[in-house]
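For reference, the structure discussed in these notes is given below.
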Amino acid sequence: MPRKEIEGDWVMGWADRKRHMLVPGKDQHDRVIYGRTPFFEHEGLITPTDATYIVAQLQMPEPVHPEDYGFEVFGEVERPATLTLEELRRLPGHTVRAVAECAGNDTDFWDYLQSREKGGNMPKPSYELDDGEGFLKWRGMADQPDFDMAELAHANPSTGHVSGGEWTGVPLREVLTRAGVKDSAVAVRFEGFDEGRPDPTTQYLSVGRADFEVYDPGVINYDKGLPIEKAMDPDTVLAWAHNGEWLTHVHGAPLRLVVPGWAGNWWVKWINKIEVTDHMPDCYHQTHYFVSGKSPDDPNKKPMMALGVKTLITEPRDDDSPLRRGSHVIRGLAWSGEGAIARVEVSTDAGETWSDAHIEQHGDRFLWRRFSYLWDVDVPGRHTLMSRGTDEKGRCQPVTEWNFQRKHFDGIVPVDIAIE
Amino acid sequence: MHIVICIKQVPDPEIAPSVFRVDEVAKKVISLAGTAPVINPFDEQAVEAALRIRDAEQDPANVTITAVTMGEATSEKIVRKAMALGVDQGVTLVDAAFADSDAYATARALAAAITKLGDIDLVLTGRQAADSDAGVVALGIAELLRLPAITLAKKIEVADGAVQVERAVSEGEETMAAPLPAVITIAHELGAVRKPSLRETMRAGRKPVRRWGPDDLGMDAESVGRAGSRRVVERLYQPTRDVDCEWVSGDEPAAIAKALVGRLVEQKLL
């Protein structure tokens with residue numbers, strides 16, 4: 001096995017392993033506005049804060065001093081209120097450990113698996129981190145006269161938008177209960193400080209073509225309308241801390257929403273307003289983007305909510321080939337949008353047969369679980385490894401149907417290994 | 001063979017221009033909190049060039065590579081970084097008397113350090129420092145040590161007491177040779193540099209770094225640093241970039257081209 005040499009660095013003045021952080025995309029003021037997680041380089045379950053992925057749909061807002069911070073709770077409640085961060089911190093707290101995954105994570109794999117099934121030769125999308133410039137380059141591209149969809153399609157890898165984290169705050173339902181939610185409540189609309197005009201390029205990149213019209217709402221604040229049932233879930237949290245330290249600005253400080261199991265776009269950052277509504281609000285990033293459907297013209301588009309069931313083989317990877325005959329450990333991560341992973345199976349023969357993998361158990365339903373499988377191989381040649389997960393609800397990977405915006409990918413991605 | 005690499009600690013060139021600041025009164029670059037200075041990226045290329053020369057040797061153990069830097073006390077970090085890549089030993093010229101050196105004073109101090117190191121075969125530097133962009137210190141060292149110098153090397157081969165250098169020049173490539181010892185500046189066309197391994201980084205923590213002041217080099221305080229410099233800084237400021245954009249319009253491409261050529265001739269650009 002061509003073993004990669006462990007990279008070194010200086011950590012607190014001492015020679016040490018290189019600590020892999022995200023490679024950020026920055027704005028003109030050297031501020032980070034984007035980053036992908038190098039998850040293959042990490043051990044354990046919690047992604048270090050400096051390596052946690054960053055995606056913002058609109059412009060990142062200016063930071064707000066925590067002592068100046070407050071947010072409104074209003075709408076279908078008996079007692080509308082404005083709460084400061086300190087007042088919020090007096091309520092009974094809750095810490096939840098969960099996977100945050102961008103709805104568009106691994107979106108390129110939809111096309112890759114389709115191509116592979118048909119015997120096509122589309123190259124496997126890369127898990128390699130770029131310098132973040134790709135993401136920044138395509139912004140606003142659709143407004144340029146020389147806009148080229150083919151160039152856009154290859155502008156930015158879709159992998160690395162997933163992280164595991166620990167979030168500390170207050171269950172949203174503590175706040176809602178104190179405000180007195182009326183029986184008429186249907187949803188809770190969160191509005192962030194972040195504003196901007198949604199870039200149509202985002203949708204073109206997501207859909208993979210640009211021959212349709214994207215609704216232009218003008219300049220808006222980022223908002224989402226969380227169904228009341230999920231809002232009252234004890235694990236849905238208003239978080240001010242992340243991985244044992246105060247929440248950082250790029251991750252939504254002073255306060256963000258944490259919606260375990262649901263895609264990252266529900267985890268509204270920089271919360272400004274919480275409005276309880278008697279209807280599903282018409283939020284751009286819910287009714288026009290992050291929606292299911294067969295095409296942009298599909299009249300039955302619906303907001304996409306919980307993630308499917310997903311596994312990722314982290315070791316070995318394709319470029320570890322060739323491996324020698326003998327025993328190898330197949331390792332990976334498994335997670336689900338609707339609760340704990342109950343089973344992971346591994347196939348070493350391209351899905352012909354499956355065997356149960358060992359799952360490392362823990363008590364956090366929405367945090368990924370590590371799995372491992374001892375693979376004894378003595379036949380030279382090409383072997384295709386696969387993994388598939390099943391969650392506590394009995395949902396077996398893959399769960400998510402193809403959708404025109406190519407969101408919530410949870411397909412089974414084969415790993416091709418040569419044995420010598 | 002003994003190769004000496006001169007390296008410099010510079011403000012991180014990756015920081016955005018919008019956050020870069022200078023103190024126009026003190027005529028100094030303001031250190032930006034939260035951004036650590038780095039090894040001059042061109043000097044990393046010089047380190048890589050030295051390592052490639054050693055890799056090409058039949059017996060790599062016969063090649064000793066020494067990194068020399070002049071700067072603040074924190075500059076030992078970049079020497080350690082070079083060591084983590086494979087450099088054998090380091091020398092830092094750290095003393096308040098060295099502060100505010102210009103290219104001339106820097107070249108004198110580095111030349112003195114190289115002389116003190118003794119028998120050397122090659123002196124390598126990056127093509128220029130990423131902060132001052134002057135690119136003259138290496139040539140100053142060559143002049144002071146009476147050594148031949150070749151600039152902008154993209155490939156170096158050492159054999160039979162001579163160095164053969166492929167230079168990156170605007171017209172393409174140029175091959176030159178010089179007898180050893182010689183001073184060579186390395187162009188970024190050399191290619192990607194290696195990454196430090198954990199094993200080498202750990203070894204680097206145990207490698208020797210000597211710290212020399214003017215006395216160690218046999219130089220008096222009046223001949224180094226600001227006192228020994230010839231450059232006079234009249235003003236240090238950030239130039240503004242005012243760009244006027246003029247659209248040349250017309251009905252036909254030929255008419256637009258004609259108008260464009262007319263404007264360029266008018267501005268004496270053609």
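The values are calculated or read from the model by the stated rules, or taken from the named source; none is laboratory data. Since the structure is predicted, the reported quantities are computational estimates derived from the model, not experimental observations. All Cβ positions, glycine included, derive from the backbone under ideal geometry; neighbour counts span all protein chains shown.
Worth pointing out:
- When the range A:346-381 is filtered for residues that are over 30 Å from A:Trp167 (Cβ atoms) and charged (D, E, K, R), the ones remaining, listed by number, are A:Asp349, A:Glu352, A:Asp356, A:Asp376, A:Asp378.
- Residue count, the range B:161-196 (criterion: buried (at least 17 other Cβ atoms within 10 Å of the Cβ), closer than 17 Å to B:Arg54 by Cα and of a type in the set (Gly, Ala, Ser)): 1
A quick yes/no check of all residues on (1) farther than 18 Å from B:Ala111 by Cα; (2) within 12 Å of chain A (Cβ to nearest Cβ):
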position: B:His2; (1), (2): no, no
position: B:Ile5; (1), (2): no, no
position: B:Ser18; (1), (2): yes, yes
position: B:Ala46; (1), (2): no, no
position: B:Arg52; (1), (2): yes, no
position: B:Pro60; (1), (2): yes, no
position: B:Ala84; (1), (2): yes, yes
position: B:Thr92; (1), (2): no, no
position: B:Ala97; (1), (2): no, no
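- Of all residues making up the range B:66-101, the number that are surrounded by fewer than 20 Cβ atoms within 10 Å (Cβ to Cβ) and over 30 Å from A:Glu5 (Cβ atoms): 6
- Options A:Gly165, A:Gly169, A:Gly180; residue that is assigned by TED's automatic domain parsing to the domain that holds A:Ala263 and either closer than 30 Å to A:Thr202 by Cα or among the acidic types (Asp, Glu) (or both): A:Gly165
- Unmet criterion (only one of (1) in contact with a strand residue (DSSP E or B) (Cβ under 9 Å, 6 or more places away or on another chain); (2) in a loop (DSSP other than H, G, I, E, B); (3) within 14 Å of another protein chain (Cβ to nearest Cβ)) for A:Gln28: (1)
- Condition check for A:Asp298 on (1) farther than 16 Å from A:Gly411 by Cα; (2) within 22 Å of the chain's Cα centre (by Cα): one failure, at (2).
- Qualifying position, being within 14 Å of another protein chain (Cβ to nearest Cβ), more than 29 Å from B:Ala97 (Cβ to Cβ) and assigned to a helix (DSSP H, G or I), among B:Arg203, B:Arg194: B:Arg203
- Residue in the range A:41-51 that is charged (D, E, K, R) and either away from chain B (no Cβ under 14 Å) or buried (at least 17 other Cβ atoms within 10 Å of the Cβ) (or both) present: yes
- Residue identified as in the same structural domain as A:Pro260 (by TED's automatic domain parsing), under 21 Å from the mean Cα position of the chain (by Cα), assigned to a helix (DSSP H, G or I) and within 20 Å of A:Val73 (Cα to Cα) among A:Lys224, A:Lys230: A:Lys230
- With a requirement of 1 or more residues that are under 20 Å from B:Ala67 (Cα atoms), the strands (runs of 3 or more DSSP E) lying completely within the range B:118-188 that satisfy it span B:122-126, B:149-159, B:162-169, B:182-186.
- Of the residues B:Glu189, B:Glu234, the single one that is more than 14 Å from chain A (Cβ to nearest Cβ), touching a strand residue (DSSP E or B) at 6+ places or on another chain (Cβ under 8 Å) and modelled with pLDDT of 90 or more is B:Glu189.
- Candidates A:Ser336, A:Ser387, A:Ser321: the one that is surrounded by fewer than 21 Cβ atoms within 10 Å (Cβ to Cβ) and not assigned by TED's automatic domain parsing to the domain that holds A:Asp235 is A:Ser321.
- Every residue from the range A:301-328 that is under 23 Å from the mean Cα position of the chain (by Cα) and of a type in the set (Gly, Ala, Ser): A:Ala306, A:Gly308
- Residue, farthest from B:Ala82 (Cα to Cα), within the range A:1-11, restricted to residues that are out of contact with any helix residue (DSSP H, G or I) (no Cβ under 6 Å at 6 or more places or on another chain), within 12 Å of another protein chain (Cβ to nearest Cβ) and assigned to a loop (DSSP other than H, G, I, E, B): A:Arg3
- Test result for A:Asp376, in contact with a His (Cβ under 9 Å, 6 or more places away or on another chain), outside any strand (DSSP E or B) and farther than 23 Å from A:Thr236 by Cβ: no
- Screening the range A:236-339 for strands (runs of 3 or more DSSP E) wholly inside it with 3 or more residues that are closer than 28 Å to A:Lys393 by Cβ returns the ranges A:237-242, A:256-258, A:309-315, A:326-336.
- Among residues that are within 15 Å of B:Val4 (Cα to Cα), touching a residue at least 60 places away in the same chain (Cβ under 8 Å) and either within 14 Å of chain A (Cβ to nearest Cβ) or within 13 Å of the chain's Cα centre (by Cα) (or both), B:Ala107 is not included.
- When the test is whether a residue is facing chain B (nearest Cβ under 10 Å) and surrounded by fewer than 17 Cβ atoms within 10 Å (Cβ to Cβ), A:Trp14 passes it.
- When the range B:63-82 is filtered for residues that are within 14 Å of chain A (Cβ to nearest Cβ) and touching a residue at least 40 places away in the same chain (Cβ under 8 Å), the ones remaining, listed by number, are B:Thr74, B:Ser75, B:Glu76, B:Lys77, B:Ile78, B:Val79, B:Arg80, B:Lys81, B:Ala82.
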